[in-house]
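Reviewing the structure listed below.
The values are calculated or read from the model by the stated rules, or taken from the named source; none is laboratory data. Keep in mind it's a predicted model, so treat the numbers as computed, not measured. Backbone-built Cβ (ideal geometry, glycine too); neighbour counts: all protein chains shown. Surface areas here come from the heavy atoms of the whole protein model, side chains and all, with no ligands, DNA or RNA. Shrake-Rupley method; radii C 1.70, N 1.55, O 1.52, S 1.80 Å.
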Amino acid sequence: MGSGQKRRKRDTGLSKEKQDTLFVGSLEKGARVLGAFNERHSTLGLTEIAALTGLDKSAVQRLTNTLHQIGYLNKDPESRRYRPSLKFLELGNAYLWSDPLVQLAMPKMIELGRKLGERVNVARLDGHEIVYIIRIPTQLTSFGAMIAGRRLPALTTSSGRAMIACLDEGERKEAVETWPIVALTPKTTLDRKKIAAAIEDAAACGYGLTQNQNILNEIGIAAPILAADGRPMATVQCSISSLKWSIERVRKEIAPHLIEVANSIHLARRG
């Protein structure tokens, strides 16, 4: 079992030894129900929620009814299936207002998107995945690539590789050896030695670079935003069509702009 799997196990099924007197088990179960909904599971029935959460169906029935009554889940009266309500959006809004990086980076990212004419993003590392917290689309951007909050495996993304490259040697080695790899395209790299080499390249050149890893014909490039202690806290990332751009041109014409913006955010936070 990888470290990410262990982390999820701790998050969703704390042992009695780990629990303290302040831990509310019913709240944790309710959060598990809310966490079952995502881009692949936008509407769910009781049986599906039970399977996704590991809870028994009677508990799921009570929890979903409660979440429906307090406004977090909508229920279709005919199919009796649930879907997230607008209160989910309020939670996302609360996060965006609470993260100072979002407010600091947003105007810089809007300007970067205008300058490059390409889709740009800011991503944070969360466990073994990256999460997009800012997404500046173009007219041709697909709906899924516009939505903040989307998660992807760190090892197969330019943002993940850029941030892993900034970790110390032991952490970097653990990430490469244990974090999960999900093949999202036929060309996703599954060879961990090749991923390790790509991360070392990212450490040397100052940015992560991927091609065809999560979307076919897409090049991803990302520069790390560093905290004052040198730890990676996010990335400035750009996604480009390989039908329009070559790797060499991306390195020459896109990378310097990403590094410049990432460094400006770092300096502004330190100042």
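Of all residues in the range 48-73 being over 23 Å from Arg151 (Cβ atoms) and free of Cβ contacts under 8 Å to residues at least 12 places away in the same chain, which is farthest from the chain's Cα centre (by Cα)?
Ser58
So which pairs qualify, if the first residue must be in the range 21-35 and more than 20 Å from Asn74 (Cα to Cα) and free of Cβ contacts under 8 Å to residues at least 60 places away in the same chain, the second must be polar (S, T, N, Q) and not in a helix (DSSP H, G or I), the Cβ gap must be under 9 Å, and the two must be at least 6 apart or on different chains?
Here the result reads Gly25/Gln19, each pair linking the range 21-35 to a residue that is polar (S, T, N, Q) and not in a helix (DSSP H, G or I).
Here is a yes/no grid of residues against (1) at pLDDT below 95; (2) in a helix (DSSP H, G or I); (3) surrounded by 11 or more Cβ atoms within 10 Å (Cβ to Cβ):
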position: Arg7; (1), (2), (3): yes, yes, yes
position: Lys18; (1), (2), (3): yes, no, no
position: Leu22; (1), (2), (3): yes, no, no
position: Ala51; (1), (2), (3): no, yes, yes
position: Leu63; (1), (2), (3): no, yes, yes
position: Thr66; (1), (2), (3): no, yes, yes
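Under 9 Å between Cβ atoms, at least 6 apart or on separate chains: pull out the pairs that start in the range 209-222 with a residue that is over 18 Å from Ile254 (Cα atoms) and end on any residue that is open to solvent by less than 10 Å² (accessible area, probe 1.4 Å) and of a type in the set (Val, Ile, Thr).
Close Cβ pairs (under 9 Å, with a partner that is open to solvent by less than 10 Å² (accessible area, probe 1.4 Å) and of a type in the set (Val, Ile, Thr)) amount to Gln213/Thr156; Gln213/Thr157; Asn214/Thr156; Asn214/Thr157.
Would you check which residues across the range 99-118 are hydrophobic (A, V, I, L, M, F, W, C) and under 12 Å from Ala234 (Cβ atoms) and list them? Walk me through it before giving the result.
If we filter the range 99-118 for residues that are hydrophobic (A, V, I, L, M, F, W, C), which is where we start, we get 101-102, 104-106, 109-110, 112, 116.
If the condition is that a residue be hydrophobic (A, V, I, L, M, F, W, C) and under 12 Å from Ala234 (Cβ atoms), then Leu101, Val102, Leu104, Ala105, Met109 are the ones that fit.
Just to verify a result, which residue in the range 128-164, among those that are over 20 Å from Met106 (Cα atoms) and charged (D, E, K, R), is most open to solvent (accessible area, probe 1.4 Å)?
Glu129
Name the residue, out of Gly35, Gly45, that is open to solvent by less than 60 Å² (accessible area, probe 1.4 Å) and under 17 Å from the mean Cα position of the chain (by Cα).
Being open to solvent by less than 60 Å² (accessible area, probe 1.4 Å) and under 17 Å from the mean Cα position of the chain (by Cα) holds for just one of Gly35, Gly45, which is Gly35.
Among (1) modelled with pLDDT of 95 or more; (2) open to solvent by less than 30 Å² (accessible area, probe 1.4 Å); (3) over 16 Å from the mean Cα position of the chain (by Cα), there is one condition Ile110 misses while meeting the rest; what is its number?
Of (1) modelled with pLDDT of 95 or more; (2) open to solvent by less than 30 Å² (accessible area, probe 1.4 Å); (3) over 16 Å from the mean Cα position of the chain (by Cα), only one is false for Ile110: (2).
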